[in-house]
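Read the structure below first, then the notes.
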Amino acid sequence: MIHDVQASPRARRHEANLERILETALDVVAREGLEGLQMARLAAAVDYTPGALYRYVESKDALVALLVTRTLGQVEAALGAAEAEVPARATPLTRVAALVAAYRGFVRGAPHRFGLLAIAMAEPRILVGDGDHMRATAAAVIAAMTPLAAALDAAVAGEALAAGPAVERTLCLFALVHGLSQLPKLARAAPTAIDVDALVVSGLRALLIGWGGAPRAVDHAVRTIFTRELP
């Protein structure tokens, strides 16, 4: 017996409406930050009553969690697509460099979504207080970074890097790209002094060599992916 797994028209409408709500919320965060994201104002922006909006997202916690988890899902997809494009013969360090470049590419291609992650991570308050939503967000973070952690493990297994904690190294690489990608405002004021992509390359090279990568192998991997002059 063949089961029809296609979503019903009602389910498709619900998903389309939810997507419109989330995109509108993302625009609000981009303009006004998380403080400007108020449920009553969001309902008015999407032409819903507050009661109708709560049928899609039951709280601001749920809304923020959905925004963050969906954005992290897109990061995971971007890293997965980049990993699939790396030739099987590529070195383990080339695979690591490709995933770092993929996150940098995501940042450039989806600035509003990156801005949401930057705001959410920089905010000292706990933004998502509900336990279920916090667990979902944490799971999304782990899933998004899994390809990079696996590539680092493979580099250790292939003796391209010295043994070390993959989770710690993954977070260092993520923080490198994430932090440097918040510099464009300064870069506009001093375009000859701040080149974010050059800084990513320099930082990646320094970390990989610091973790035991042979300089020549690291330089080959970085040149293969970033195709630019090294410092």
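Among 114, 106, 174, which is the only one that is among the aromatic types (Phe, Trp, Tyr) and at pLDDT below 90?
Residue meeting the stated conditions: 114.
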Across the range 147-176, the tally of residues that are touching a residue at least 60 places away in the same chain (Cβ under 8 Å) and not in a helix (DSSP H, G or I) stands at 3
Picked from the range 198-215 (must be out of contact with any helix residue (DSSP H, G or I) (no Cβ under 7 Å at 6 or more places or on another chain) and not in a loop (DSSP other than H, G, I, E, B)), the residue farthest from residue 151 (Cα to Cα) is 198
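Being over 23 Å from the mean Cα position of the chain (by Cα) and either crowded, with 17+ Cβ neighbours inside 10 Å or closer than 20 Å to residue 105 by Cβ (or both) is the filter here; which residues of the range 48-62 pass it? Before you say what the answer is, go through the steps one by one.
Initially, the range 48-62 is screened for residues over 23 Å from the mean Cα position of the chain (by Cα), giving 48-56, 58-59.
Matches in the range 48-62: 48, 53, 56.
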Considering every residue within the range 4-19, establish whether at least one is in contact (Cβ under 8 Å) with a residue 40 or more places away in the chain and farther than 21 Å from residue 112 by Cβ. yes
Being closer than 23 Å to residue 203 by Cβ, modelled with pLDDT of 85 or more and assigned to a loop (DSSP other than H, G, I, E, B) narrows it down to one residue among 90, 144; which is it? 90
Please list, ordered by first then second residue, the pairs with beta carbon atoms under 6 Å, 6 or more apart or interchain, first in the range 104-115 and without any contact (Cβ under 8 Å) to a residue 40 or more places away in the chain, second in a helix (DSSP H, G or I). 106/75; 106/78
Against the condition hydrophobic (A, V, I, L, M, F, W, C), under 21 Å from the mean Cα position of the chain (by Cα) and surrounded by fewer than 16 Cβ atoms within 10 Å (Cβ to Cβ), how does residue 81 come out, does it pass? yes
Which of (1) open to solvent by 10 Å² or more (accessible area, probe 1.4 Å); (2) part of a helix (DSSP H, G or I); (3) out of contact with any Gly (no Cβ under 9 Å at 6 or more places or on another chain) is the odd one out, the single condition residue 75 does not satisfy? (1)
Conditions (1) crowded, with 18+ Cβ neighbours inside 10 Å; (2) modelled with pLDDT of 90 or more; (3) touching a Ser or Thr at 6+ places or on another chain (Cβ under 9 Å): number failed by residue 65: (2)
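The values are calculated or read from the model by the stated rules, or taken from the named source; none is laboratory data. The shown structure was predicted, so the numbers you read here are calculated from the model rather than taken from an experiment. As a convention, Cβ positions derive from the backbone with ideal geometry for all residues, glycine included, and neighbour counts pool all protein chains shown. Accessible surface is based on the protein model in full, side chains and every heavy atom, while ligands, DNA and RNA are left aside. Shrake-Rupley method; radii C 1.70, N 1.55, O 1.52, S 1.80 Å.
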